[in-house]
Amino acid sequence: MLVAKELERLGLVAGSSGNVSARVQERGRPLLVITPTSRSYSSLRVRDVVVIDYEGEPMRGTLPPSSETMLHVAVYQARRDVGAVIHTHSIYASACAVAGLEVPPLLDEMVVYLGGGIKVAEYGFPGTTELGAKACAALGDRKAVLLRNHGMVGVGATLEEAMGVCRLVERAAHIFVMASLLGSPTPLPADVVEKERALYGMRLRAEGGPS
Ligand code: 13P
């Protein structure tokens, strides 16, 4: 909830665009807590958040869950290290997604905290399992992916991490756009990327992620 409000304060979502979820369990059953569909963040209250199972069936709460539920479920099923998923329509990330341009590994923190450059998933119709599958295919073992002609998805072991990922993606996409206006952005040297990827891999394995 606080994360959803913070996303709006930071300008990463507007109106009711975007959605936030966290993985939970009840008596060993995998569930997720997710923001309701079409609710503006400014009027969102704690009791509006819903708990659903992986088929989207409601367990708690009265409002319908986010229309992107299957996108969130796809990530939890593909990545056991992920405890929280945030989908935003932030401006610079969306600009790169619309242009179909991967954000190359330009900054050290991109490799250390996101796993490298930010790839663009093939287009998938909003709200479909197909969008989830395409997002996961491009996400791989990284922390963020751009959704073609749509927006971005950031993931983390915790909501705080997923929020940090969304902020870093928007900053990196902004820098990429600005550097492209100034000339051609130069990615980090390949040997630096390799060393930083090794650090990222160590962290990911400690979180139980893909090796
Ligand atoms: P919801 O309001 O259903 O969560 O959808 C918003 C959105 O961003 C769709 O991509």
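Just so you know, all these numbers are worked out from the coordinates, no wet-lab data involved. Keep in mind it's a predicted model, so treat the numbers as computed, not measured. Positions of Cβ are generated from backbone atoms using ideal geometry, with glycine treated the same way; all protein chains shown enter the neighbour counts.
Structure values in brief
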read-out: Residues K195, K143, K134, K119 arranged by fewest to most Cβ contacts within 10 Å; value: K195, K119, K134, K143
read-out: Whole-angstrom Cα spans of the stretch 68-113 along principal axes, big to small; value: 29, 25, 15
read-out: Pairs of Cα atoms farther than 29 Å apart, the chain, %; value: 20 percent
read-out: Geometric extent, Cα atoms of the stretch 59-162 - Rg, Dmax (angstrom); value: 13.3, 44
read-out: Euclidean distance between Cα centres, the stretch 1-67 to the stretch 134-203, Å; value: 24 Å
read-out: 0 to 90° range, to nearest 10: angle between helix 129-139 axis and the chain longest Cα axis; value: 30 degrees
read-out: DSSP beta bridge pairing in the stretch 13-165, given as percent antiparallel to the nearest 5; value: 95 percent
read-out: Exposure proxy order (Cβ contacts within 10 Å, fewest to most) of H150, H174; value: H174, H150
